[in-house]
Amino acid sequence: MIHEVLPVGMLQCNCSVFGDEETREALVIDPGDDIPGILEIVARHGLTVKAIVITHAHIDHIGGAQKLKRATGAPVYMNANDTELQRMLPAQAAWLGAPVPEQTSVDVAAKEGDSITIGGTDFHVLHTPGHTQGSISLWIPSERKLVAGDTLFRDSIGRTDLPGGDGRQILQSIHDKLLPLPEETIVIPGHGPETTIGREKRFNYFLRDLA
Ligand SMILES: [Zn+2]
């Protein structure tokens, strides 16, 4: 499967573009900004965007979603527990001193147990609250990849001091939903370099008390 990661916007959110080589269908995760850059990747591979997935409603992850939706006609998936946070987008923009992005109309309430199929590849929705109440991660078993949003980073975990954050809950989510995945699973976090489940199990200081 085609997979490109493009860091977008001033907080350099990792936007993922996945594409099926046969059907040329694509799924885009976290188009926070730089929609022209994302569309360039889509066009270069001759892809058609079938789904836009938001891992959580922070401005750096959702900021460009409506623009990408308009350009592609693809439905937007987001967990309903982040609806309130999404309404706070103007406040989020003010915290960063950034312009207020267009509001995104969400088409599908993505929840635990859902899966989105692109070509022959299943993207499983894992509800991993803690960074925000509606944070989701996408597990792609056939690719052995996890797109973790801001739940798990290389050597770190998501901050929990913003509205909707919960420090105990994020550890519970990581323990229950992410650490059971195969150790060789490649983790694409919401920011920064990729890692693996096995590496974070061994070296991530924030996970030291988790079995
Ligand atoms: Zn975030």
Report summary line: 1/(1 + (r/R0)^6) with r = Cβ-Cβ of Ser115 and Leu162, R0 = 30 Å, i.e. FRET efficiency to nearest 0.05, evaluates to 0.55
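Can you say what percent of the DSSP beta bridges in the chain, counting only those with both residues inside, are antiparallel? Round to 5.
On the way: 26 of 39 bridges.
For the chain, the DSSP antiparallel bridge percentage is about 65.
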Query raised in the report: For the peptides 73-81, 95-103, 61-69, 113-121, what is the packing order when you average, over each peptide's residues, the other Cβ atoms within 10 Å and list the highest mean first?
Result: 61-69, 73-81, 113-121, 95-103
Query raised in the report: What is the pair-distance distribution P(r) of segment 56-203, computed from all Cα-Cα distances in 5 Å bins starting at 0, with each bin given as a whole percent?
Result: 2, 10, 18, 22, 21, 15, 9, 3, 0
Report summary line: Residues whose built amide H sits under 5 Å from the amide H of Asp33, excluding neighbours closer than 5 in sequence, are Gly64
Report task. Report the paramagnetic label zone for Arg199: residues of segment 150-169 whose backbone N is under 16 Å from a point 7 Å from Cα along the Cα-to-Cβ axis. Result -> 152-157
Query - segment 1-71: mean projected area of Cα convex hull, nm² - result: 4.0
Report task. Run the dipole for segment 44-147 about the Cα centre, Lys and Arg Cβ at +1, Asp and Glu Cβ at -1, nothing else charged, and hand back the magnitude in debye, nearest 20. Result -> 340
Report task. Give the accessible area for Arg199 in Å² (nearest 10); use a 1.4 Å probe, count only protein heavy atoms, and leave out ligands, DNA and RNA. Result -> 50
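The values are calculated or read from the model by the stated rules, or taken from the named source; none is laboratory data. No experiment lies behind these values; they were computed from the predicted model shown. Please note: Cβ atoms are built from the backbone with ideal geometry, for glycine as well, and neighbour counts cover all protein chains shown. For accessibility, only protein heavy atoms count, side chains too; no ligands or nucleic acids. Shrake-Rupley method; radii C 1.70, N 1.55, O 1.52, S 1.80 Å.
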